[in-house]
Amino acid sequence: HEALPLLDQAAAIKRQHRSGAGAAVGLTYTLTCQGYAHGDQGSFPAALACFEEALHQTGCDQPEVVGSVHGWYGAVLIWQGRPREAMHHAREAWRQGERVRSVHLMAMGRAVLGFARWRDSGQPRALDDLREAVGWLARRGNALFSSLNHGWLAEALAEQGDRKSTRLNSSH
């Protein structure tokens, strides 16, 4: 709750000083953080408005930033119970990661895609993308957002009744 007012202030300052001449990278990422925070708190209309502004009104075309927006947008859509729409954003995060050869963006896109597919279909094989993404990040020592990915994997495994794997993934 304390972060949102600070993010609101940061976004307001960035909007106020925006010339419109270039891509507003800082504003785009600030809006993404706002969207994620709103989504985490269940304020989905506010979250989606932040992501839409970040994607369509800031002029940002840097793949690293756009990929992050899509990845977080997908995650929030999963939380909202909209896995099919989340899959679209996950694929776009992956595509942007490919453009700049970012294993992190590709892995995050794949993780969102895997969990969204699993939420949509309930098929155990749908988790293969999520497992693979978790492995990619772990092998590279990238712990950024690993709790989100391990949490999703643990949640899915618990729902499938795989207690042993659930314990392994929830300890990360």
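Along the Cα→Cβ direction, 7 angstrom out, place labels at residue 4 and residue 128. What is the inter-label distance in nm?
So the two model labels end up 4.0 nm from each other.
Taking square-rooted eigenvalues a ≥ b ≥ c of the alpha carbon gyration tensor, is the range 96-135 rounded, prolate or oblate, where a/c under 1.5 means rounded and, failing that, a/b exceeding b/c means prolate?
Here the range 96-135 falls in the prolate category.
For the range 43-89, what class follows from the C-alpha gyration tensor (a ≥ b ≥ c being the square roots of its eigenvalues): rounded when a/c is under 1.5, otherwise prolate if a/b is larger than b/c, else oblate?
oblate
Return the single residue from 39, 74, 59 with maximal mean-square fluctuation; model: Gaussian network over the chain, springs between Cα atoms under 10 Å.
59
Determine the calculated [θ] at 222 nm for the chain from helices alone, applying -39500 (n - 2.57) to every DSSP H run no shorter than 4 residues and normalising by the residue count; nearest 500 deg cm²/dmol.
Taken over the chain, the calculation gives -25000 deg cm²/dmol.
Please say if the range 1-68 is rounded, prolate or oblate, where rounded means a/c under 1.5 for a ≥ b ≥ c the square roots of the C-alpha gyration tensor eigenvalues, and otherwise the choice is prolate for a/b larger than b/c and oblate otherwise?
Note, shape of the range 1-68 comes out oblate.
Tell me, in nm to one decimal, what length is gained between residue 146 and residue 121 on full extension, where the rule is 0.36 nm per residue of separation less the Cα-Cα distance?
6.7 nm
Rank by packing, highest mean first: peptides 126-133, 154-161, with packing defined as the count of other Cβ atoms within 10 Å averaged across residues.
Ranking the peptides 126-133, 154-161 by packing returns 126-133, 154-161.
Average the reciprocal distances over every distinct pair of alpha-carbons in the chain, invert the result, and give the Kirkwood radius in Å.
Roughly 16.4 Å, rounded to one decimal.
Taking all protein chains as present, what is the carbon and sulfur share of the accessible area of the chain, in % to the nearest whole number, probe 1.4 Å?
50 percent
Starting from the 7 Å offset along Cα-to-Cβ, what nm value, one decimal, do you get for the label separation of residue 62 and residue 15?
2.1 nm
Can you give me the accessible area per residue for the chain, using a 1.4 Å probe, in Å²?
Counting only protein heavy atoms, the per-residue value for the chain is 52 Å².
The values are calculated or read from the model by the stated rules, or taken from the named source; none is laboratory data. Predicted, not measured: the structure shown is a model, and the values here were computed from it. Note that we place each Cβ from the backbone using ideal geometry, even for glycine, and neighbour counts take in every protein chain shown. Accessible surface is based on the protein model in full, side chains and every heavy atom, while ligands, DNA and RNA are left aside. Shrake-Rupley method; radii C 1.70, N 1.55, O 1.52, S 1.80 Å.
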